[in-house]
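Okay, structure first, notes after.
No lab work stands behind these numbers, since they all come straight from the coordinates. Since the model is a prediction, treat every value here as computed from it, not as a measurement. Here the Cβ is made from the backbone with ideal geometry for all residues, glycine too, and neighbour counts use every protein chain on show.
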Amino acid sequence: MQTSRLHILLADNNEIYRYGLKLLLEEAGFAVTATASDSQALLSVAKHMPPDILLINTDIRDSSILKTISQVRDFSIFTGIIAICSSHEKLCIAKAEDAGAHAVLSASCEKKELLDTIDNVRMRIQSRENGPSILKPAANHIRQRLYTTDQKQLLSPKEIEIIRMICQGFSTKEIGHALSQGARTVDGYRRIILKKIEARNPVDIVMYAIRNGLHQV
């Protein structure tokens, strides 16, 4: 992919952070066509000039940000949305995904992880553009949530997917590449999964998956 043709909308309420991230992205060859300091400005820009990628700093204490992610996803299905979580990362990941983000990163992620995620998300969006048909993402209210039968713990679709990939022998790096997530984010999911199902290691995860019909041998 030619990054010079990739247009990014950067949204964050911190002016210094926006400026620094803008410089970093432009040095990497991306075109930051606009920045926004709040949800209203973001929506105004995105509606008139839909970006290839929306990078948005997600604060779960501000419900309007999560609503904005859903709105952008609804009117611009070819915009890749990457949420950056700066606090309460476990909860932020779940809420950002529910809102429609294609990928979620920690605010402490490294430069390479950010750039790789942008590339991966855009490739996924482009593959959808080039497909035989375009389907609007399903509404959030019909996204399935699965309960495990023995632990009665709530597992998200993403956690189920990661469990299945662990069972297939995927490494953290391979899972991250397949899901357009950074290694730290995948490790965060692993920790959440271990806690939810009361497991100690990957072997326990595999055994749990087999017992609960998530993986067949």
Report summary line: Filtering the range 109-129 for residues that are in contact with a Phe, Trp or Tyr (Cβ under 8 Å, 6 or more places away or on another chain) and either of a type in the set (Lys, Arg) or not in a helix (DSSP H, G or I) (or both) leaves a count of 1
Requested in this report: Give the range 180-217 a look and list any residue that's among the β-branched types (Val, Ile, Thr), crowded, with 18+ Cβ neighbours inside 10 Å and without any contact (Cβ under 8 Å) to a residue 60 or more places away in the chain, or say none.
Outcome: VAL186, ILE193, ILE197, ILE205, VAL206
Requested in this report: Please work out which residue is nearest to SER106 (Cα to Cα), limiting yourself to the range 162-176 and to residues that are surrounded by fewer than 17 Cβ atoms within 10 Å (Cβ to Cβ) and within 16 Å of the chain's Cα centre (by Cα).
Outcome: LYS173
